1. Can you give me the C-alpha center-to-center distance between the stretch 294-355 and the stretch 20-57, rounded to a whole angstrom?
2. Report the gain in length on full extension from Asn331 to Arg275: 0.36 nm times residue separation, minus Cα-Cα distance, nm rounded to one decimal.
3. Keeping all protein chains in place, calculate the accessible area per residue for the chain (probe 1.4 angstrom), answer in Å².
4. Which of Pro105, Pro115, Pro302 moves most in a GNM of the chain, Cα contacts under 10 Å?
5. For Trp231, enumerate residues with amide H under 5 Å from its amide H, sequence gap 5+ or separate chain, H modeled in the peptide plane.
6. Hey, what number do you get for the chain at 222 nm if only DSSP H runs of n ≥ 4 count, each worth -39500 (n - 2.57), divided across all residues, to the nearest 500?
7. In µm²/s, what is D for the chain at 20 °C and 1.002 mPa s, where D = kT/(6 pi eta Rh) by Stokes-Einstein and Rh is the Kirkwood radius from Cα pairs?
8. Taking the chain as a Gaussian network, where each spring joins two C-alpha atoms under 10 Å apart, which residue of Asp227, Asp138, Asp260 fluctuates the most?
Amino acid sequence: SLVHSVAKLCSVEPNPGRRKYAAAAIARVGGVHIFVLEDRDAAAYLLNDFYTLLDEECVYFFPSSYKRSVAYRSEDAQGVVQRTNTINALRGASGKGFMVVCTYPEALAEAVVEPEEMAGGMLSIGVGDKIKIVDLEDMLEGMGFVKVDFVYEPGQYSMRGGIVDVFSYAESRPFRFDFFGDEIDSIRRFEISSQLSAERIERADVIPNINTRSERKVSLARFSGADTTWWFTDADYALRKVDDLRRKMLSELDEPSEIDGLLTSRKALLEDMERSRMVTLRNTLKERMADVVVEFNTVPQPSFNKNFEILADDIIDHTELGYDCYILSENRAQIERLNNIFHQIGRANAEPKTLPLTLHEGFVDHNL
């Protein structure tokens, strides 16, 4: 198991097949793995690849809670929900197989609530629990939830007779609590558009907007703990962007002392990662140079730009050299059409294998 058996810091030579190796390592060793890509788009592409390669239920996105960055102070509601959902999952991730988080420097820079603060600020309700509806309403208002006629976004709740709907910040769908007297008779998630129940659950954790509820903040590295494995494309670049954002915010704040409640720093992140494993694609981090270098003999898949003759010839040439050639597509009709084109252009011997999945980019692995 690469990640656990080698020294604290590994440098992996850049290669376009890295997602495949990372996914295999994660599935084998388990634990929490946080990937820091160069920007939001790269993190989103990696997220989609991990959805394909791993269990989607264990893969999370950790974006910035602001539409552009914290410097513009324009909050992004969807980003807040995704961050809260990820933080809540990290809080309970210990001993539960594996968990993958994809993020980028602007999101990593933002401080998060301390684990103890988060646990103390949430409301956990289970079927059979006894609670008066009026008391539940007081709790929700104390947590910053707003009463509306029908919930449609996180931070809202509504009441109709013995039914209370609550949209937690860590969920993509609201909860519906059915009361029988002062007892929770059932808990369901439901669809906003149709108001129809999606699934029954035994317990619900109602979590407020953790961005606004605490002045005690820590870095994501501190929150996730020392057992986390950190994966960077370029750690030095990512941490420099964190400090650049912090400097920009310091120049704009009326009260510079507020900065630690908003953003962490390169120094704080490195201190909080000191006992964690780190895997980097580029050995550029002067504070923690690599102890071990792992080299991969891979190259990017060439771009064929719908030139089917060149594509077919490439498949034929590599097959004759002993390579296994794969076409990845979830559309069976697309594969059939491609095979028909090969026949029409006189390349019927181009017979790639197929896999019913997709990845962001292709690669050639000369070792495999």
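1. Here the answer is 26 Å between Cα centres.
2. Result for the pair: 15.7 nm of gain on full extension.
3. Normalised by residue count, the accessible surface of the chain is 51 Å².
4. Answer for the Gaussian network model of the chain: Pro302.
5. Correct list: Ile34, Phe35, Val36, Val279.
6. -10000 deg cm²/dmol
7. Values: Rh = 23.2 Å.
So the translational diffusion coefficient is about 92 µm²/s.
8. Asp138
The values are calculated or read from the model by the stated rules, or taken from the named source; none is laboratory data. Treat the numbers as computed from the prediction; the structure is a model and nothing was measured. Cβ atoms come from the backbone with ideal geometry, glycine included; neighbour counts cover every protein chain shown. These area figures cover heavy atoms from the full protein model, side chains too; ligands, DNA and RNA do not enter into them. Shrake-Rupley method; radii C 1.70, N 1.55, O 1.52, S 1.80 Å.
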